[in-house]
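Notes follow the structure.
What follows draws every value from the coordinates through simple rules; no lab data is involved. Just so you know, these numbers come straight off a predicted model, no measurement behind them. FYI the Cβ positions are ideal-geometry reconstructions off the backbone, even for glycines, and counts take in every protein chain you see.
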Amino acid sequence: MSNLYDRRYNQQKYYWGVRPSPICFEVLKILPPEKPLKLLDIGCGEGRNAIFFARNGYDVTVFDTSEKGLEKTKMLADKTSVKIKVFNANIKEFRLSEKFDILFSTGVLHYIPKELRSEVFENYKNFTNPGGLNVFSVFVHKPFIEKAPDAEATAHKWLSGELLTYYHDWLIKYCTEEIFDCMSSGKPHKHAVSRIIARNN
Ligand SMILES: C[S@@+](CC[C@H](N)C(=O)[O-])C[C@H]1O[C@@H](n2cnc3c(N)ncnc32)[C@H](O)[C@@H]1O
């Protein structure tokens, strides 16, 4: 099993748990599915956020590079009796060709190298329906936070405020930065994370 996340997810337990990220509740408040809303979860992991959205009535599609993550997402969907569309794609190559109401991603966009970000975000914005949301949380670099023990060479942390620069022409509905404790790898460490919800007016 060459994929790092396939190895992490290759257990019955859910590596990231099954509770949704707190930002999911903000989405529910800002754009509840009062009409059918298509949501794409970019880098869904084992599906904790996707399942939350599907249970709450959104029409959910997900992708990830981890087959094991996609398999566990489907298992969780079956267990919860919801339907989710699933495909395998790499964020560096994948570009949208159909529109969504909500683009959502937590803890994945650091896999987009800096030189690709403008192009990727132009594509994401162009394929978000009017009134739709881009909901993203990214790891940000802070010189006073030590490198995580399981930090990957393929990850490119963001700068504080960088995510906002892509949305200067959209309405910012929610924007935070915080430091949280993490136990991934079994050793306690910290991460700084920026979260944004931007609306395409
Ligand atoms: C920190 S986990 C976050 C998972 C999920 N979003 C969550 O919040 O539970 C990062 C995820 O990104 C996926 N990933 C890593 N590189 C990727 C890439 N190049 N394209 C798409 N997904 C990728 C991994 O397989 C993993 O599931």
Review point. Roughly what percent of Cα-Cα pairs across the chain reach past 24 Å?
Key: 38 percent
Revision key, fill the gap. With x for Gly and Pro, the residue-by-residue ³J(HN,Hα) of region 25-38, computed from phi through the Karplus equation 6.51 cos²θ - 1.76 cosθ + 1.60 at θ = phi - 60° and given in whole Hz, is 5, 5, 4, 4, 6, 7, 9, x, x, 6, 10, x, 10, 8
Study note, to complete from the structure: If amide H atoms are modeled at 1.01 Å from N in the peptide plane, then the residues at a separation of 5 or more from Tyr174, or on another chain, having amide H under 5 Å from its own are Ile197
Revision key, fill the gap. Under the Karplus relation with 6.51, -1.76 and 1.60 and θ = phi - 60°, whole-Hz ³J(HN,Hα) for region 71-79, x at Gly and Pro, equal 4, 5, 4, 5, 4, 5, 5, 4, 4
Revision key, fill the gap. Fewest to most Cβ atoms within 10 Å: Arg19, Arg8 sort as Arg19, Arg8
Revision key, fill the gap. Here the gain from full extension of His141 to Ser160, 0.36 nm per residue of separation minus their alpha-carbon distance, amounts to 6.1 nm
Practice item. Between Asn201 and Asp6, take the C-beta separation as r, use R0 = 41 Å, and let me know the FRET efficiency to the nearest 0.05. Key: 0.55
Exercise for review: Pairs of Cα atoms under 8 Å, at least six residues apart: use those to get the relative contact order of the chain, whole percent.
Suggested key: 17 percent
